[in-house]
Amino acid sequence: MIYNFDKIINRKGTCCTKWDSLEERFTRKDLISMWIADMDFKTPDFFTKALVNRIGDGVLGYGCRPNEWYESVIKWFNKRYSWKIKKENIGFVPGIVLGLCHALRCFTKPGDKVLIMPPVYFPFKNQILAAGCKVVNNKLLLVEKKTKKGIVERFEVDWTDFENKIKGCKMFILCNPHNPGGRVWSREELKKMADICLKNKVMVLSDEIHCDLYSKKHIPFATVNSKQALNTITFHAPSKTFNCAGMCASEWITTSKAIKDKFQSYLSAGDFDNAHCLAYYPAMLLYSDKGEEWLSQALSYIDGNIEFVTKFLRENFTIDGKQMVSMILPEASFLVFLNFRNLKMSQKKLVDFIINDSKLALNDGSTFGPGGEGFMRLNVGCPRAVLEKALKQLLVAFKKKFK
Ligand SMILES: Cc1ncc(COP(=O)(O)O)c(C=O)c1O
């Protein structure tokens, strides 16, 4: 089956956050929407057809998690990541942000310190604060690396700062792969993080929602050090992978019986591990050969989009030979962190330039925390023609203002 990712789908008027909340969030409606992390591609239609059939049954009562749901998760992790997990290691939660919210409340007390690596997915900070904990920022370093493709910017861990700041922390929330930096942490980096956390008795919540969107082999954090794995919860979902974020269906995995029992009791007591009656279908249907077939085509389309942005920026956004708008080349997923620092604008002016001059809705880099200033996040999970139109709008605005 060949999927068509070029097809432009009008999502306006479908109660979708990405296109239907532009005015509320960006003060105007006439923008190309490339912010929140869902894609404008059709969710695999073998899956949506199965949902239509299920709805056609006519009874939308309470759902329950069948054994098949667990089997699908087990098979997916074994096949893709050679991680052999068992049914008793797996739990359900209707969303990863909700999972983080509950894990913070279950395993920390107000006042505890929780480390994150900004610039990072902003709900990490918001959830830590909402749980009454203190945020400890281990800011990532922006470095330039020489590669075969030329000089590439990427984020790396500031290890001295990490080792200093982790002392006294109760928890570390890791983004693996990293959003918005697109880093796929290497085995060595993950092992170093795990060793340091183990030494300091720090629990890790590893958010691996973007991990399937990587064409090579992702390494689950919990597989690099079996002792630290006993103080870790991994969160994962089919939502980013298969563009079904609205289904509210995620998994959490731990090899620690103590953590499993404690977290499961907490979730069950509050009825937080229940969802609507369609929520178990994404894992059951999409963690499959058919799902992988769709995914591999989606990944090569996304790679093409990333290459398109790389080339477009390099060829068009220069002044006197200097590249004025660059990007961090993502190793995974469909989010590109654009670097506007050479334009030397305040963040407020940059945001205004993107919205009002370029007519684009992107994520403001500064919302991801320290290190995000001067950046804007571009979602390239869209048909190439839409991406091209967006970059051309940006170029027209750039030429008008800077050339
Ligand atoms: C790192 C990360 N975690 C979690 C989420 C959201 O997950 P959920 O919709 O399951 O709460 C996102 C969405 O962009 C994300 O990038």
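The values are calculated or read from the model by the stated rules, or taken from the named source; none is laboratory data. On a predicted model such as this, the values are computed, not experimentally measured, just so you know. Counting neighbours? That spans all protein chains shown, and the Cβs are built from the backbone with ideal geometry, glycine included.
Restricting attention to segment 186-218, which residues are hydrophobic (A, V, I, L, M, F, W, C) and either more than 18 Å from the chain's Cα centre (by Cα) or within 13 Å of the ligand (Cβ to nearest atom) (or both)?
Listed by number, the residues that qualify are M193, A194, I196, C197, L198, V202, M203, L205, I209, C211, L213.
Can you say whether V93 is aliphatic (A, V, I, L, M), within 16 Å of the ligand (Cβ to nearest atom), more than 20 Å from T367 (Cβ to Cβ) and in contact with a Leu (Cβ under 9 Å, 6 or more places away or on another chain), as far as the supplied structure shows?
yes
Within the group T318, T310, which residue is free of Cβ contacts under 8 Å to residues at least 12 places away in the same chain and among the β-branched types (V, I, T)?
Just a single option satisfies the conditions, and that option is T318.
As an exercise: evaluate F221 against (1) away from the ligand (no atom under 15 Å from the Cβ); (2) without any contact (Cβ under 8 Å) to a residue 60 or more places away in the chain and give the number of the one condition it does not meet.
(1)
Just to check your reading of the model, which residue among G111, G168 is more than 16 Å from the ligand (Cβ to nearest atom), more than 22 Å from Q228 (Cβ to Cβ), surrounded by fewer than 22 Cβ atoms within 10 Å (Cβ to Cβ) and outside the structural domain of S326 (by TED's automatic domain parsing)?
None of the others qualify; the one that does is G111.
Can you name every residue in segment 350-403 that is farther than 19 Å from A37 by Cα, under 24 Å from the mean Cα position of the chain (by Cα) and not aliphatic (A, V, I, L, M)?
P370, G371, E373, G374
Residue by residue through segment 348-378, note down the ones that are polar (S, T, N, Q) and either free of Cβ contacts under 8 Å to residues at least 12 places away in the same chain or within 29 Å of I128 (Cβ to Cβ) (or both).
N363, S366, T367 - these are the residues of segment 348-378 that are polar (S, T, N, Q) and either free of Cβ contacts under 8 Å to residues at least 12 places away in the same chain or within 29 Å of I128 (Cβ to Cβ) (or both).
Out of (1) in a helix (DSSP H, G or I); (2) under 21 Å from K217 (Cα atoms); (3) polar (S, T, N, Q), the odd one out for N179 is which?
Single failed check for N179: (1).
Can you tell me which residue among S82, S21 is modelled with pLDDT of 95 or more and at positive phi?
Unique residue meeting the criteria: S82.
Between a first residue in segment 245-264 that is among the aromatic types (F, W, Y) and a second residue that is within 16 Å of the ligand (Cβ to nearest atom), which pairs have beta carbons less than 6 Å apart while being 6 or more apart in sequence or on different chains?
W252/G91; W252/V93; W252/G99; W252/I233; W252/F235
Conditions tested, residue by residue: (1) within 16 Å of the ligand (Cβ to nearest atom); (2) free of Cβ contacts under 8 Å to residues at least 24 places away in the same chain; (3) more than 30 Å from D364 (Cβ to Cβ).
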| residue | (1), (2), (3) |
| --- | --- |
| M1 | no, no, yes |
| K29 | no, yes, no |
| K42 | no, no, no |
| G56 | no, yes, yes |
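I need the full set of residues from segment 158-185 which are within 17 Å of the chain's Cα centre (by Cα) and either small (G, A, S) or more than 27 Å from R105 (Cβ to Cβ) (or both), in order please.
Residues satisfying the conditions are G181, G182, R183, V184.
This table checks each residue for (1) more than 30 Å from H236 (Cβ to Cβ); (2) assigned to a loop (DSSP other than H, G, I, E, B).
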{"position": "A332", "(1), (2)": "no, yes"}
{"position": "L338", "(1), (2)": "no, no"}
{"position": "K348", "(1), (2)": "yes, no"}
{"position": "D352", "(1), (2)": "yes, no"}
{"position": "P370", "(1), (2)": "no, yes"}
